[in-house]
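One structure is given below, encoded as structure tokens.
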Amino acid sequence: MEIEEPGDGIGEAEIEQSGPGTATMPAVQEAFEEIEVDAPLVGVIMGSASDKPKMQPAGEALQDAGIRYDVRVISAHRDPDKVRDYCQNARMRGLRVIIAGAGMSAALPGVAASHSDLPVIGVPIAGRNLGGLDALLSAVQMPPGVPVGVVAIDGAKNAGLLAARIIHA
Ligand code: RP5
């Protein structure tokens, strides 16, 4: 799984313009073809690069299912603006599911669900002190109206498999 550091990270198709505010049809077609070929269907986000080993099985499950995904390290607490931007743009970019893994006070899944109407699968990650119970409770105890489906502590594999089932449902 390749981890990309926080950043815009989102390739935007360039559209040739033939005049102010207009795009040529071939250029538009080309742009959309590019999106279809490359656009990921699942966004895998995690709160820290230190989460990577625990999140790797999600990527492997998606790869086995032939589902394209992208990966970002963006923390709900350390990079709140980036999390908001990523999640608000997710549907427009063609994502169908967001998998959000975080440890300790794991706000990332819930914050993702608050900024997107896509299905969000939370992966609570076991930290050094509380065995992941902290992250589990943070992710699962969402208020009514902001749904997050949470898999087991360190259950990234099931997150990938569940995302695949959602996409194929
Ligand atoms: C959480 O804090 C992350 O998801 C990670 O599990 C935990 C520790 O992060 P680092 O201090 O290793 O960056 O936000």
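For I153, what is the net charge nearby, where nearby means another residue's Cβ is under 11 Å from its Cβ and Lys, Arg count +1, Asp, Glu -1? Before the final figure, lay out the partial values.
On the way: positive: K54; negative: D134, D154.
Surrounding charge for I153 is -1.
When only C-alpha pairs under 8 Å and at least 6 residues apart count, what is the relative contact order of segment 61-127, in percent?
Working: 78 pairs, mean separation 19.4, N = 67.
Reported relative contact order: 29 percent.
Note the per residue figure in Å³ for the convex hull of the C-alpha positions in segment 110-169. Can you show the working numbers first?
Details: hull volume 4.5 nm³, N = 60.
So the per-residue hull volume is 75 Å³.
If amide hydrogens are placed 1.01 Å from N in the peptide plane, which non-local residues have theirs closer than 5 Å to the one on G103?
Here the answer is G47, I125, since their amide H atoms fall under 5 Å of that of G103.
In debye, nearest 20, what is the charge dipole magnitude of segment 75-148 about its Cα centre with +1 on Lys and Arg Cβ and -1 on Asp and Glu Cβ, if you could check?
Details: 7 positive and 5 negative charges, 33 e Å.
That gives segment 75-148 a dipole magnitude of about 160 debye.
Carbon and sulfur atoms: what percent of the 1.4 Å accessible area of segment 42-108 do they account for? Spell out each step's value before the answer.
On the way: 1360 of 2900 Å².
Percent of accessible area from carbon and sulfur atoms in segment 42-108: 47.
What per residue convex hull volume, in Å³, do the alpha-carbon atoms of segment 24-169 yield?
Spread over its residues, the Cα hull of segment 24-169 gives 111 Å³ apiece.
If packing is taken as the mean number of other Cβ atoms within 10 Å per residue, what is the order of 51-60, 94-103, highest first? Show your work: numbers first, answer last.
On the way: 51-60: 20.1, 94-103: 24.6.
Descending packing order for the listed peptides: 94-103, 51-60.
Using alpha carbons only, how many angstrom separate the centre of segment 113-161 from the centre of segment 80-98?
So the separation of the two Cα centres works out to 17 Å.
The values are calculated or read from the model by the stated rules, or taken from the named source; none is laboratory data. This one's a predicted model, so the numbers in the text were calculated from it and none came from an experiment. Virtual Cβ from ideal backbone geometry, glycine too; neighbours counted across all protein chains shown. Just the protein is used for accessible areas: all its heavy atoms, side chains included, with ligands, DNA and RNA removed. Shrake-Rupley method; radii C 1.70, N 1.55, O 1.52, S 1.80 Å.
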